[in-house]
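Beneath this line is the structure, given in structure tokens, with notes to follow.
No lab work stands behind these numbers, since they all come straight from the coordinates. All values derive from a computational prediction rather than experimental measurement. Counting neighbours? That spans all protein chains shown, and the Cβs are built from the backbone with ideal geometry, glycine included.
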Amino acid sequence: MPAALLLQESPGIAFDLRTLPPPSDYLFLQSGNALAGLIAGVLNPSPWFVHGARGWDPIAFTTYQLLAFASWLLIGTWVQSGHPRLRAVMLAYLLARCWIAAFGLYEVGWRIQTAFWICLTLWLILRAILCTILAAVRTVRSWSAWKSQ
């Protein structure tokens, strides 16, 4: 008898609800702030899984909210310090998020938010690399000008 047929008959693989992916409304909330969602997801891998007497995990919720508040405060401070393009991007993100939530398009919404955060992260990395290169060039130029005096 082939091994595949034996695997189908063995009781080794059990059905477990915790292995199912999170619901799309939870993913929409978690992807609203990717940094907070990733860190809270690492600290508590499945807070969305409701079982028995526990309706929701207050520690995971508090962790996510504290991290989200801190990161939005950082983004808001950066916007207020004079970055008008970032302000326009964040306002567009807020309007899109409100529109997605108002119409209940959670399945599409969490994917859009995830793509937004990936693009924003790549832009920040490229900007940091460019600023580092420009600072190094300025330093070398000023050092060579100082040395030639």
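Ranked highest first by average number of other Cβ atoms within 10 Å, how do 124-133, 64-73, 104-113, 140-149 line up?
Highest mean packing first, the order is 104-113, 64-73, 124-133, 140-149.
Under a plain spin-label model, where a point goes 7 Å from the Cα along Cα-to-Cβ, how far apart in nm are Ala145 and Arg85?
Distance between the two pseudo-spin positions: 2.5 nm.
Note the full-extension length gain between Thr132 and Ala101 as 0.36 nm times their separation in residues minus their Cα-Cα distance, in nm to one decimal.
Stretched out fully, the Thr132 to Ala101 stretch lengthens by 7.3 nm.
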